[in-house]
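Computed from the coordinates by the stated procedures, all read-outs in this text should not be read as laboratory data. Keep in mind that what you see is a predicted model, and the values were worked out from it rather than measured. Because the Cβ atoms are built from the backbone with ideal geometry, glycine has one as well, and the counts that use them run over all protein chains shown.
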Amino acid sequence: MKKHLITLPYKPVIAALIFSFTIISCKKNHDSVAEKPLQVEETAIAGNAAQPVITIAANATVPPTKTKYNFVFDWEQAQYMPVAPGQPAVPVPWSNQVTRNYDPGLRYDFKKSDGWELVYNSFSDSLNSANRFFILYNKFRGVIRYYTYNEMESNPSVTNFRSLINGIGVYGVAAGSTHILNFADQLIVDMNTKSVNASLIEPWPIIQNAWYLSQFEIAYDPNMANFNWQQFQLGWIFNFARIMELSLNSKPAGNKMLFLQKPGLNFNDLSARGVAIGSNMQAHVKSAGGLDELSGIFSGSVISNLKQTLFDSAAGNKLNATLVPQLGIADCKLDVPALIRLDYNLVGYIPGLTLALPGLDNTQVIGFAPVFNEPLGIFYLGAPPIIQHTKVGGPLSEQYTLDIASIEYIINPFIQNYAAVRNFHQEIVAVAGNETSNLTEAKLYQGQQLKASAPLTILGVRVSFEVLPKSGTAPIRIIKTFKADLRNS
């Protein structure tokens with residue numbers, strides 16, 4: 001009988017083969033899980049009759065003010081600003097005779113019929129103010145706009161400081177007790193955070209005899225009536241900066257007319273200079289034409305979607321916007337990966353000008369008091385919206401349902417005098433749990449109820465409504481996203 005000799009491999013070799021097989025098997029199993037597509041069922045309207053609460057206070061009265069140091073003029077008809085005798089003529093900010101260092105889409109957006117009111121004006125035909133500015137407020141949009149005229153002459157030592165830091169802040173002992181800058185500062189509004197400033201970096205150099213514009217949206221706060229001007233002021237800071245490094249969505253920025261901001265960051269602070277800043281950045285677009293500046297940063301299809309949703313009822317990937325498409329206004333924040341580094345030095349321009357806030361009793365103000373003294377802002381929510389999260393059986397085991405009755409809109413009561421507020425809409429917005437792209441390009445899931453095969457990342461609750469002016473002018477669509485109270489059950 002012939003015997004066969006069987007030689008066993010050396011034990012470490014066997015162990016290596018087993019280990020190798022285990023890795024291959026695990027990798028195959030991992031790949032099979034990763035390749036399984038996320039399934040999401042989006043229900044636009046939940047199957048119940050619940051409605052949000054809409055609160056509008058009755059019998060509201062305008063607090064008293066004084067206009068002693070304001071020079072009231074008809075800016076809409078004027079060709080030149082009021083100036084003291086012997087002073088050079090100053091054309092209005094939208095004139096062909098001046099340099100306009102602001103978004104050209106805002107040039108002709110100043111008409112009274114579109115909601116603009118004069119709040120402050122330091123230009124006078126009898127007094128020469130050190131700070132040359134005037135401030136308008138749009139009562140249909142809740143936007144405050146600060147125009148300032150630069151008479152400073154540039155010089156070779158500052159020619160490289162070609163970007164403007166445009167900032168607004170709240171000051172005084174009550175500064176940390178209000179949310180009025182939450183819309184201006186935050187992309188997704190966290191009602192547990194009270195922003196004390198908002199700061200943009202804009203592509204405008206130092207030019208003599210040029211107009212600059214600062215514009216921010218104010219959130220309505222009914223509690224502001226409890227403060228006085230000594231406790232609370234609104235302030236603006238302008239400085240010129242030198243950008244050392246800038247990329248957008250991993251691409252060189254070039255000469256883009258884009259305004260960048262980061263929630264909670266003040267570009268004027270020492271901590272924001274000389275270091276690279278590159279997370280949680282937003283591009284702030286002011287007009288419909290400004291969306292074209294995103295070309296080369298985002299794909300053509302993304303930009304096309306952003307433009308299309310200016311005109312239809314879907315918000316698309318917009319999380320924070322005020323839209324007036326008939327006027328070419330698309331004031332919105334867009335999430336964009338960015339890297340920016342500023343030179344440590346700044347060239348000062350307006351060092352902390354503070355003024356009394358409209359909506360308070362401003363009769364005792366020292367210096368300027370507002371001409372228009374209604375409280376600012378269109379709305380806010382009474383509390384964070386509630387989303388119920390439950391696990392159920394079946395392939396769509398993750399279920400998210402918006403508690404619509406938990407949403408309370410607090411509306412500025414004065415808006416009833418000149419506009420109707422209508423077409424309220426609210427929905428959950430979410431992304432896949434493993435979503436890595438920015439929110440402008442990401443696939444957003446939206447609806448009053450979402451059912452998914454895997455956990456979703458809930459961005460918040462997006463609310464929107466229309467403001468319809470009684471004058472018959474263009475309607476305004478306001479879109480805001482609030483961080484939700486996510487409850488697991």
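The table below gives the values:
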| read-out | value |
| --- | --- |
| Cα convex hull of the range 390-454 - mean projected area over all directions, nm² | 6.7 |
| Qualifying trypsin sites (Lys or Arg not before Pro) in the range 407-488, DSSP loop, other Cβ atoms within 10 Å at most 11 | Lys470 |
| Peptides ranked, highest mean first, by Cβ atoms within 10 Å: ranges 376-386, 138-148 | 138-148, 376-386 |
| At most 15 other Cβ within 10 Å, DSSP loop - trypsin sites (Lys or Arg not before Pro), the range 315-385 | none |
| Residue order, fewest to most beta carbons within 10 Å, for Met244, Met257, Met81 | Met244, Met257, Met81 |
| Listed residue pairs exceeding 24 Å between alpha carbons, taken from Lys68/Lys286; Lys318/Lys483; Lys286/Lys451; Lys36/Lys333; Lys194/Lys307; Lys391/Lys483 | Lys68/Lys286; Lys286/Lys451; Lys36/Lys333; Lys194/Lys307 |
| Crossing angle, helix 11-34 versus the chain [Cα axis fit, 0-90 degrees, rounded to tens] | 50 |
| Order of Leu459, Leu353 under a 10 Å beta carbon neighbour criterion, fewest first | Leu353, Leu459 |
| Cα gyration tensor shape of the range 51-124, rounded if a/c is under 1.5, else prolate or oblate by comparing a/b with b/c | oblate |
| Sorted by Cβ density within 10 Å, fewest first, the residues Ser177, Ser287 | Ser177, Ser287 |
| Tail fraction, Cα-Cα pairs, the chain, threshold 33 Å, whole percent | 44 |
| Square roots of 5 times each gyration tensor eigenvalue, C-alpha, the range 331-460, largest first, Å | 40, 26, 12 |
| Amide H contacts under 5 Å for Leu459, placed H, 5+ residues apart | Val429, Ala430, Val431 |
